[in-house]
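Derivation of every value follows stated rules applied to the coordinates shown; laboratory data play no part. Computed from a predicted structure; not experimentally measured. Counting neighbours? That spans all protein chains shown, and the Cβs are built from the backbone with ideal geometry, glycine included.
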Amino acid sequence: MRIRPAFATSDVVYATVAEAYADDVDGCRFEIVPNGNIWSVWGLLRSALGVAWLLLRLRPDVVVTTGAAPGYFAVMFGRLMGARTLWLDSMANAGGLSMSGRKARGFADLFLTQWRHLERDGGPDYRGAVFNSSCSS
């Protein structure tokens, strides 16, 4: 939500795994995709199929995600469909890149971290962190 202003003039569809986030994007198109993780092959398969189906219906020009397995699938399928892709590894991953982020590296046109010490040749790049304006100086 902290990067939402960057897309103010774009036709945006928000996709997440939790219905509870719908209120955060009131007035915008909102989609739910199945969650998945490495502990459940069936969960991963459901997530991959759900994300693939959503992207096939939407045919996005750009896919932007902050992570987790559904985000990885969105970057992978989005790239395969010809969309520009951006992976912004979550602010929560201060100690290292997420597993999904490491895997998304090969599909992301732009691969970013919000932690300077995690920047590496070949990605991720550090171009600053996204802070809540009420908390930054």
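Over all distinct alpha-carbon pairs, what is the Kirkwood Rh of segment 50-99 in angstrom?
Values: mean 1/r = 0.0898 Å⁻¹.
Radius from the Kirkwood sum: 11.1 Å.
For Glu31, which sequence-distant residues (separation of 5 or more, or a different chain) have an amide H within less than 5 Å of its own amide H, given hydrogens modelled in the peptide plane?
So Glu31 has HN proximity to Tyr14, Ala15, Thr16.
Applying a 10 Å radius around every beta-carbon, put 106-114, 19-27 in order of their mean neighbour count, most first.
Going from most to least packed, we get 106-114, 19-27.
Mean-square fluctuation check for the chain, GNM, Cα pairs under 10 Å: which of Arg46, Arg29, Arg59 is largest?
Of Arg46, Arg29, Arg59, the most mobile in the Gaussian network model is Arg29.
What is the spin-label model distance, in nm, from Phe7 to Glu19 if the labels are put 7 Å beyond Cα along the C-beta direction?
2.2 nm
If you place +1 on the Cβ of every Lys and Arg and -1 on the Cβ of every Asp and Glu, how big does the dipole about the Cα centre of segment 4-126 come out, in debye to the nearest 20? Present the calculation step by step, with values, prior to reporting the outcome.
Values: 12 positive and 12 negative charges, 88 e Å.
Dipole about the Cα centre, nearest 20: 420 debye.
Calculated from the structure, Kirkwood radius over Cα pairs in Å equals which of (i) 17.7; (ii) 18.9; (iii) 15.5?
The value computed from this structure is option (iii).
I want to verify a result. In a Gaussian network model of the chain, Cα cutoff 10 Å, which of these has the top mean-square fluctuation: Gly101, Gly36, Gly71?
Most flexible of the set in this elastic network: Gly36.
Test of understanding: extend the Cα→C-beta vector of Asn37 to 7 Å, then name every residue of segment 99-129 with backbone N under 17 Å from that spot.
Counting only backbone N, you get 99-102.
In what sequence do Ser90, Ser40 fall when counting other Cβ within 10 Å, fewest first?
Values: Ser90 18, Ser40 13.
With the sparsest Cβ surroundings first, the list reads Ser40, Ser90.
Run lengths n ≥ 4 of DSSP H only: what is the helix-derived mean residue ellipticity at 222 nm for the chain, with -39500 (n - 2.57) per run over all residues, to the nearest 500? Kindly include the intermediate steps, with their values, before the conclusion.
Values: 3 runs with 37 residues, N = 137.
One gets -8500 deg cm²/dmol as the mean residue ellipticity at 222 nm.
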